[in-house]
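Asker: Provided herewith is a single structure, encoded as structure tokens, for subsequent inquiry.
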Amino acid sequence: MTFNCCYSLIFNKIFPQKFRYTYFFTRHIVPSMDIFTIPGREYDSNVYVVGGKIPTIIDTGTGFYTRMILETIQKIVNLEQIQQILLTHEHYDHIGGAQDILQASKGKAKIFAHKDVVSKLKEGKNTFAEMLGGTIPKLMVDIPLSDGEQLTIGDSPFEVLTTPGHSIGSLCFYSKKKDVLFSGDTIFSDGGFGRYDFPGGDFNMLLHSIEKLAALDVTNLYPGHGCIVEQHGKNHVLKTLQSIRSLI
């Protein structure tokens, strides 16, 4: 079993009593796909960059470190070529940098999110942001998403899967052709899953969502936080199902 924790980060001391986080990215080998991970720092989500004919960003972090994240993205793909920003759910640690990435794309990128959180994002209401001591700008969703919709990410077709439980607006993106799953905070590596005690969370819904994902063939697993999994993603999904069922 192999999995990649993406510990490709170092500190550079450039300010008195402060450390600047120097971001690196990890490129993942998936046939006919270019997937890059910018691993999250502190509360930040992982940020995924998918190259191809439709360059796509999946999740954006809190926005605390957006400048450095933008510099890193630019090393992978021209910021003005980004066409899509996909949000796996409405929590601040995943959407806080969206506006900055949108501006860096010169407004060319479209923002995709669950249809049930469009109005919430438009109003800029985010309880989770307040919990982390942050604020979030009002965010306009261009493409509201529903279960079963089809998207092209990079060069590959993906299916939108609604997976509530961690939040109302939780989404996963699955490629049946590539056996690739971007799982947001629904499933993490090594049996982990997202909390269900935040506003909008629900244990039974999360259990159902994980059961839904456990039926998929998954080779590579790209979660919202922590280690990515290559080659044996299904094992980690099943371990997560076992973990949550142990709480029943």
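Asker: In the list F158, F182, F112, which residue meets the criterion of being crowded, with 17+ Cβ neighbours inside 10 Å and more than 30 Å from R245 (Cβ to Cβ)?
Answerer: Going through F158, F182, F112 in turn, the sole match is F112.
Asker: Looking only at the range 196-248, which residues are of a type in the set (K, R) and out of contact with any helix residue (DSSP H, G or I) (no Cβ under 9 Å at 6 or more places or on another chain)?
Answerer: The one that is of a type in the set (K, R) and out of contact with any helix residue (DSSP H, G or I) (no Cβ under 9 Å at 6 or more places or on another chain): K212.
Asker: On to the next question. Out of everything in the range 195-248 that is surrounded by 14 or more Cβ atoms within 10 Å (Cβ to Cβ) and among the basic types (K, R), what residue ends up being farthest from V160 (Cα to Cα)?
Answerer: K239
Asker: Same structure, new question: Checking L86 against (1) over 30 Å from L206 (Cα atoms); (2) under 16 Å from the mean Cα position of the chain (by Cα); (3) of a type outside the set (S, T, Y), only one condition comes out false. Which one?
Answerer: Looking at each condition in turn, L86 falls short on (1).
Asker: Name the residue, out of F193, F128, F112, that is at pLDDT 95 or above and not in a loop (DSSP other than H, G, I, E, B).
Answerer: F112
Asker: Separate question: Using beta carbons and a limit of 6 Å, which pairs, at least six apart or on different chains, have the first residue in the range 224-238 and within 22 Å of H91 (Cβ to Cβ) and the second one part of a strand (DSSP E or B) and at pLDDT 95 or above?
Answerer: Between residues of the range 224-238 that are within 22 Å of H91 (Cβ to Cβ) and residues that are part of a strand (DSSP E or B) and at pLDDT 95 or above, the close pairs are G224/G184; I228/T37; I228/Y222; V229/L221; H236/L221; H236/V229.
Asker: Separate question: Restricting to the range 196-223, what's the tally of residues that are part of a loop (DSSP other than H, G, I, E, B), aliphatic (A, V, I, L, M) and within 27 Å of V49 (Cβ to Cβ)?
Answerer: Going through the range 196-223 one residue at a time, the tally reaches 2.
The values are calculated or read from the model by the stated rules, or taken from the named source; none is laboratory data. Note that this is a predicted model, so its numbers are computed, not measured. Glycine also receives a Cβ, built like all others from the backbone with ideal geometry; neighbour counts cover every protein chain displayed.
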